[in-house]
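Trainee: Before we start, here is the structure in question, set down as structure tokens.
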Amino acid sequence: MNKYTPSEIEKKWQDKWAAQSSLSEAQENSKKEKFYCLDMFPYPSAAGLHVGHVENYAATDIYSRFKRMNGFNVLHPIGWDAFGLPAENFAIKNGTHPNATTHQNIQNFTKQIKSLGMSYDWSREIDTSSPEYYKWTQWFFLFLYKNGLAYKKKAKVNWCDSCMTVLANEQVVDGACERCKNQVVQKDLEQWFFKITDFIEDQAGENGDVKGLINGLENIDWPNSTKIAQKNWIGKSQGAEFDFAVAGTEQKIKVYTTRVDTAFGITYVVLAPEHPMIGELQSQILNWDEVAEYLSQAKKKSDLERMEAKEKTGVELKGIKIINPFNGQEVSLFVADYVLSQYGTGAVMAVPAHDERDFEFAKKYDLEILEVVAGGNILEMAFTLDGILKNSGEFSGLNSLDAREKMIAWLEKEGIGKRKINYKLRDWLVSRQRYWGAPIPIIYCEDCGEVAEKEENLPVLLPTDVDFKPTGESPLVYSKTFHEVNCPKCGKKARRESDTMDTFVCSSWYYLRFADPKNEKEFASKENISKWLPVDMYMGGAEHTVLHLLYARFFTKALKKFGYINFDEPFLKLRHQGMIMASDGRKMSKSLGNVVNPDEVVAEFGADALRLYEMFMGPLEEMKAWNTQNIIGLSRFLDKVWKVQTLIKDDISGDKKIITLLHKTIKKVSDDIENFRFNTAISQMMILINSFEKEIQIAKTDYELLLVMLAPFAPHLAEEIWENIGNKNSIFLEKWPSADESLMQDDEVEMVVQVNGKVRERLMVASDVTEDEIKETALENPKVKVFTDGKEIKKIIFVPGKLINIVVA
């Protein structure tokens, strides 16, 4: 027998699989039940694959192979999220066009993925930067535009001076650009938005009701933490909206609160720096110069900086008093940047006794703190829980819940307020002032204004006659060929929109394209969508919780509303892989020099060992530290599997203990793969191979069952041994084994013997021992007799195969 040499075996089988593509390609006309397994497709960066990719892809490859062997028609495609800032920045740095660098990277990624033995359906490969794909990204823009879900407006936006483009709120992390980590500033710009907020709540659609972004989460198998994160980002709150009069004027300031029960504790009112009322009251503000300087400084801060600032700042608008409608008392008016214009009304009633931010602000500026909900110590901290009202006029003595209802009813009766639901989620900003993205298919005509490009003219091609370096406005502005266009309405010379789309628009619908990737007439046929969608299993990083995952759900719900599809959730089941850290416990980073290149690991240990190691490191969803030395243990396991070939015999029956262990292993490995517990599945197979090693000979049929179970994890090794022992067809054409419950029973089991619930003895007995048999044996046991002799036996509790509990008086 030859020595196990991964480098020779793996290349051999990768070539064979490439020639026999039917092993991994989804079959359009199959009568088998479909199963759509999808990875969050990779961004083809210059760095190539890292070991985090391998963890994700190995998990879905194992699962896809397992499903195929269980008789499913599996769609497991691959593609490239190829537009966007990283590719463009890399191209700028190296002085090469992003189209060239991106496709060089794709070639490298493809080579790396194939070297790992991943069973993707390469016939469906897509590239979001190809005109064949972004034609349909532009179609989606027009679909949203024509249905009132895409619009342009001037708005305060997040601007990154380093990347020279605007960012969606979701792309700002701790006040910084998620890509380059530089601080984000605020700018007023005309930008394109998608109305994602239209789909927060349930609504009717052409193909039935559409569950909203909140309620839809109840119907899908996603990690609870991801569901909570999306709900928090949407930020639904129920409260009241009502007016405060500005003393001595006809002006009113509208506030929104979820704690109207604390209204008698208002000691001041706060406006966001952007609130229009500040300008309207300018002539009455005695300290206008101080206020104007504060407004100027606030403009330099991002919303997240303002929300998360450790120290709250503000300025009183001296000369202005606000009247509390509940008690008629006058309170001061402040401007403070911890209040944001886009949340609620941009004005808040401040109750420092019962709100932490208000308490901190009041302490700093020595403002009154008035307790109106009993509980806590308001001199030291705000009491923010519900309780019994005090100092609240006719509402005193009510609990907070009842008080809120009665106080809202009073506001509505008086005509100064109403019940109101608010959300934190804002519409998705999709304009980008960069080159490497899908052009927005809108034309501007002097006579007709804003006009949608005709669908038959798609794709609007990304021009090549421009310098793609960022300047603060889109490079497409300077292309002559790009703007050689006539108005689709009147035919006069016009000009195209020069912004490109956020790359997240491309990835918000790619899962649909995999169902019909070669279709030139539509993004995917209804027949193919109905056949393959929705996605049954989706795998990817939790960092996309409020970006890609939220956007993809929005696209799906819009399509359902307008009759294109008959489902409203794109991903029925979602799992996140945990991050793989460097051996020093830090995040892998090129700057730290601690990145592990999977190519080097494959060269030294083989792809199968790498796949097994990444699955064996720990639970898939947990963060894990890399240790190259630990791969040696998985290599030894594969060596053992290889060497056991020499023990197999065709004409023998398996040993009873081996058969029992084998069927326990089939049951555990099957259950563990189904539940993504790959580490414990591998542990069980290790136990089995260790038992095989101790035998003089092994039944060939038993060994083959092990190989079939191991095949999704270590496909190259399994295929090679399968061929070595005389099988002509691929192991992946084998049916997944079923565990025989009757063969899983041990001859003997350990039976716990209790007296009055306390363990007194453990006995090895036959696995099928009866209650009468174990009762007799237990009562004769010396260790048990001490506690039962001379006592009345009141009851016997018997759990077959596990315990007997003798209850005595």
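The values are calculated or read from the model by the stated rules, or taken from the named source; none is laboratory data. What you see is a predicted model; the values in this text were computed from it and never measured. FYI the Cβ positions are ideal-geometry reconstructions off the backbone, even for glycines, and counts take in every protein chain you see. Just the protein is used for accessible areas: all its heavy atoms, side chains included, with ligands, DNA and RNA removed. Shrake-Rupley method; radii C 1.70, N 1.55, O 1.52, S 1.80 Å.
Trainee: May I ask you to give the percent of accessible area on segment 66-148 that is carbon plus sulfur, with a probe radius of 1.4 Å?
Mentor: 51 percent
Trainee: Computed FRET efficiency, Cβ-Cβ of residue 284 and residue 97, R0 45 Å: what is it to the nearest 0.05?
Mentor: The computed FRET efficiency comes out at 0.20.
Trainee: Next question, about the same structure. Stretch residue 767-residue 490 to full length: gain in nm at 0.36 nm per residue minus the Cα-Cα span?
Mentor: That works out to 91.0 nm of additional length.
Trainee: Given the peptides 502-514, 661-673, 40-52, arrange them by the average over their residues of other C-beta atoms within 10 Å, most packed first.
Mentor: The peptides rank, most packed first, as 502-514, 661-673, 40-52.
Trainee: Expected output is a single nm value to one decimal: the length gained when fully extending between residue 478 and residue 752, i.e. 0.36 nm times separation in residues minus the C-alpha distance. What is it?
Mentor: Value of the extension gain: 90.4 nm.
Trainee: Of the options 779, 503, 56, report the single residue whose Cα projects farthest towards the positive end of the charge dipole of the chain (beta-carbon charges: Lys, Arg +1; Asp, Glu -1).
Mentor: 503
Trainee: Using a cut-off of 14 Å between beta-carbons, work out the net charge of the residues near residue 277 (Lys and Arg +1, Asp and Glu -1, residue 277 not included).
Mentor: -1
Trainee: Let me ask something else about it. Just checking my list (i) 59, 28, 27; (ii) 57, 42, 23; (iii) 47, 38, 32 against semi-axes √(5λ) of the Cα gyration tensor in Å computed from this structure; which label fits?
Mentor: Label of the calculated value: (ii).
Trainee: Moving on. Which angle between 0 and 90 degrees, to the nearest 10, do you get for helix 131-146 versus the longest principal axis of the chain when only C-alpha atoms count?
Mentor: Helix 131-146 sits roughly 50 degrees off the main axis of the chain.
Trainee: How big is the Cα convex hull of segment 175-235 in projection, averaged over all directions, in nm²?
Mentor: Taking a quarter of the hull surface, the average projection is 6.8 nm².
Trainee: Follow-up question, since we're still on this one. Which aspartates and glutamates does residue 254 reach when only Cα atoms under 17 Å apart count, and residues fewer than 8 places away in its own chain are ignored?
Mentor: Qualifying aspartates and glutamates at Cα under 17 Å: 241, 243, 274, 280, 330, 412, 414.
Trainee: Now a separate question. Arrange the peptides 316-329, 430-443, 569-582 so that the one whose residues have, on average, the most other Cβ atoms within 10 Å appears first.
Mentor: Descending mean neighbour count gives 430-443, 569-582, 316-329.
Trainee: Now for a separate question. Which FRET efficiency value, to the nearest 0.05, is calculated for residue 697 and residue 3 with the Förster distance at 22 angstrom and r the Cβ-Cβ distance?
Mentor: In this case the efficiency is close to 0.50.
Trainee: Okay, moving on. Using R₀ = 30 Å, calculate the FRET efficiency as 1/(1 + (r/R₀)^6) where r is the Cβ-Cβ separation of residue 745 and residue 221; round to 0.05. It would help to have the intermediate numbers written out before the result.
Mentor: On the way: r = 33 Å, r/R0 = 1.09.
That pair, residue 745 with residue 221, gives E of 0.35.
Trainee: What shape does segment 461-589 have by the C-alpha gyration tensor, where a ≥ b ≥ c are the square roots of the eigenvalues, rounded means a/c under 1.5, and otherwise prolate means a/b greater than b/c and oblate the rest?
Mentor: oblate
Trainee: Using Cα positions and a limit of under 20 Å, work out the lysines in reach of residue 300, with same-chain residues fewer than 8 apart set aside.
Mentor: 154, 156, 181, 187, 310, 312
Trainee: Rounded if a/c is under 1.5, else prolate if a/b beats b/c, else oblate: with a ≥ b ≥ c from the C-alpha gyration tensor eigenvalues square-rooted, which is segment 67-155?
Mentor: Oblate, since a/c reaches 1.5 and b/c is not below a/b.
Trainee: Still on this structure: For labels at residue 526 and residue 374 in the simple 7 Å Cα→Cβ model, what's the distance in nm?
Mentor: 6.5 nm
Trainee: When a/c is below 1.5 the answer is rounded, else prolate if a/b is larger than b/c, else oblate, so apply that to segment 425-536 with a ≥ b ≥ c taken from the square roots of the Cα gyration tensor eigenvalues.
Mentor: Since a/c reaches 1.5 and a/b is larger than b/c, the shape of segment 425-536 is classed as prolate.
Trainee: Summarise the accessible area of segment 243-367 (1.4 Å probe, protein heavy atoms) by the percent that is carbon and sulfur.
Mentor: Carbon-and-sulfur percentage of accessible area, whole number: 47.
Trainee: Moving on. Which of the trypsin sites (Lys or Arg not before Pro) found in segment 93-123 are in a DSSP loop and have at most 12 neighbouring Cβ atoms, other than their own, within 10 Å?
Mentor: Sparse-neighbourhood loop trypsin sites (Lys or Arg not before Pro): none present.
Trainee: For the chain, find the longest principal axis of its Cα atoms and tell me its angle to the long axis of helix 548-561, 0 to 90°, nearest 10.
Mentor: The two axes meet at around 80 degrees.
Trainee: So what's the back-of-envelope 222 nm ellipticity for the chain, counting only DSSP H runs of four-plus at -39500 (n - 2.57) apiece and dividing by all residues, rounded to 500?
Mentor: Result for the chain, helices only: -10000 deg cm²/dmol.
Trainee: A further question follows. Could you do me a favour and compute the accessible area per residue for the chain, 1.4 Å probe, result in Å²?
Mentor: On a per-residue basis, the chain sits at 44 Å².
Trainee: Do any GluC sites (Glu not before Pro) in segment 155-213 lie in a DSSP loop with no more than 14 other beta carbon atoms within 10 Å, and if so, which?
Mentor: Working: sites: 170, 178, 190, 201, 206; in loops: 178, 201, 206.
Answer by residue number: 206.
Trainee: Out of the GluC sites (Glu not before Pro) in segment 488-550, which ones are loop residues according to DSSP with at most 11 other C-beta atoms within 10 Å?
Mentor: 520
Trainee: For segment 741-808, what % of the accessible area comes from carbon and sulfur atoms, probe 1.4 Å?
Mentor: 48 percent
Trainee: OK, next. If you stretched the chain out fully between residue 401 and residue 34, how much longer would it get, using 0.36 nm times the residue separation minus the C-alpha to C-alpha distance?
Mentor: 127.1 nm is the gain from fully extending residue 401 to residue 34.
Trainee: Which distance in nm do the two modelled labels at residue 581 and residue 11 give, with both placed 7 Å along the Cα-to-Cβ direction?
Mentor: Those two pseudo-labels are separated by 3.8 nm.
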